[in-house]
1. Relative to the first principal axis of the alpha-carbon coordinates of the chain, what is the inclination of helix 174-193, with its axis defined by its Cα atoms, in degrees from 0 to 90 and to the nearest 10?
2. Which of the aspartates and glutamates could a cross-linker bridge to residue 185, judged by Cα under 18 Å and excluding same-chain residues fewer than eight apart?
3. Order these peptides, 56-63, 105-112, 12-19, by their mean beta-carbon neighbour count within 10 angstrom, highest first.
4. Using helices alone, what [θ] at 222 nm do you get for the chain, with -39,500 (n - 2.57) per DSSP H run of 4 or more residues, divided over all residues and rounded to the nearest 500?
5. Apply the a/c threshold of 1.5 to the C-alpha gyration tensor of segment 91-182 and tell me whether it is rounded, prolate or oblate.
6. R0 = 35 Å: FRET efficiency of residue 131 with residue 191, Cβ-based, nearest 0.05?
7. Each residue of segment 73-89 in order: what ³J(HN,Hα) in whole Hz does its phi give by Karplus 6.51 cos²θ - 1.76 cosθ + 1.60, θ = phi - 60°, with x for Gly and Pro?
8. What's the extension gain from residue 181 to residue 5 if we count 0.36 nm per residue and subtract their Cα-Cα distance?
Amino acid sequence: MANYNLTTPLTEEVVRKLRVRDVVTLQGTIFGIRDLTQIYIFDRGNEPPVSLQGAACIHTAPSLKKVGDRWEKICVGTTTSGRMDRFTPLLMEKYGVRAIIGKGGQYQASLDAMKKFGGCYLAIVGGAAAVETKQIVEVEKVYFEELHPEALYQFRVKDFGPLTVAMDSHGNNLYTEVKKAAEGKLPEIYKRLGI
């Protein structure tokens, strides 16, 4: 296990150094996305108005308020990633996204895309919205404002994390490993319970 302090945008070379269980802290810009954001881009044919090349995208529908022409953060938490799995291969192939930040992991198609294009999944601890919000220094821009709270958000972050590499570009999946280890313990547990 290694610790990395990385600045976005991320390169393929840097991402391919990461391995499952490594810990990452991010500096720079990350982009907030959610279901509707990606439906709007991929299913409705709206190109992102900003480059996502090398981006880290966090699955979120943040609570923000608009004050004049600026957006201010109230609370920025992370949501479960599984239901957005179908978009990850396209984000990586078409737009060059390098990292997805979320909870709960993603499925095989996303893992395959990470391996092919040099991407990773960075898991954040559930219930950490207060910490995440503090680590977001500024809401730099909101794109597709009409979709708020599921617009495309550009956040400037400082010391964002710690994030655990849960899926890497080498085909490793921490969620699968943990499940397999737990299932391996079941026979002994059943035996002790007399089942």
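1. 40 degrees
2. 177
3. 56-63, 105-112, 12-19
4. -7500 deg cm²/dmol
5. Numbers: a/c = 2.22, a/b = 1.44, b/c = 1.54.
Here segment 91-182 falls in the oblate category.
6. Approximately 0.25, to the nearest 0.05.
7. For segment 73-89, the Karplus curve yields 7, 10, 8, 10, x, 10, 10, 5, 8, x, 6, 9, 4, 5, 8, 4, x Hz.
8. Contour length minus the Cα-Cα distance gives 60.4 nm.
Read-outs throughout are calculated quantities, based only on the coordinates presented, and are distinct from any laboratory measurement. Keep in mind the model is a prediction, meaning the values are calculated, not measured. Every residue, glycine among them, receives a Cβ derived from its backbone with ideal geometry; neighbour counts consider all protein chains shown.
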